[in-house]
């Protein structure tokens, strides 16, 4: 503990219920030293990272590509049990989706 004098004060208002909760947590210690030690020695909560803003055009294209992939997956599941899915149609759809994803990569990296 430092020899420095404490000259700053902080006043907080609590409800009677909150006051009783603090006294229970302090476990017979005086509240001021308990709260000071608790607050100064507690781990600082990590700041939440703000997600980056998405370009609306990019988000639209990304959503379209994922939508196409989802539709293709649903078609494969529907036709898988009944009859064999035509491989050429599947391949064509996958190539279309791959082209969309490559376009999105270029768009996102600004290599248009």
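The values are calculated or read from the model by the stated rules, or taken from the named source; none is laboratory data. Bear in mind that the values here come from a model prediction, so they are computed numbers and not experimental data. Glycine also receives a Cβ, built like all others from the backbone with ideal geometry; neighbour counts cover every protein chain displayed.
Conditions (1) assigned to a helix (DSSP H, G or I); (2) touching a residue at least 40 places away in the same chain (Cβ under 8 Å); (3) within 27 Å of the chain's Cα centre (by Cα); (4) under 30 Å from residue 92 (Cα atoms), marked per residue:
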{"site": "6", "(1), (2), (3), (4)": "no, no, no, no"}
{"site": "11", "(1), (2), (3), (4)": "no, no, no, no"}
{"site": "19", "(1), (2), (3), (4)": "yes, no, no, no"}
{"site": "35", "(1), (2), (3), (4)": "yes, no, no, no"}
{"site": "48", "(1), (2), (3), (4)": "no, no, yes, no"}
{"site": "53", "(1), (2), (3), (4)": "no, no, yes, no"}
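Does residue 65 satisfy being at pLDDT below 85, surrounded by 10 or more Cβ atoms within 10 Å (Cβ to Cβ) and assigned to a helix (DSSP H, G or I)? Give the steps one after another, and end with the answer.
Working: at pLDDT below 85: yes; surrounded by 10 or more Cβ atoms within 10 Å (Cβ to Cβ): yes; assigned to a helix (DSSP H, G or I): yes.
Spelling it out, residue 65 is indeed at pLDDT below 85, surrounded by 10 or more Cβ atoms within 10 Å (Cβ to Cβ) and assigned to a helix (DSSP H, G or I).
Take residue 85 and tell me if it is at pLDDT below 80, surrounded by 10 or more Cβ atoms within 10 Å (Cβ to Cβ) and farther than 30 Å from residue 9 by Cβ. I'd like the intermediate steps shown before the answer.
Details: at pLDDT below 80: yes; surrounded by 10 or more Cβ atoms within 10 Å (Cβ to Cβ): yes; farther than 30 Å from residue 9 by Cβ: yes.
Yes; evaluated as a whole, the condition is true for this residue.
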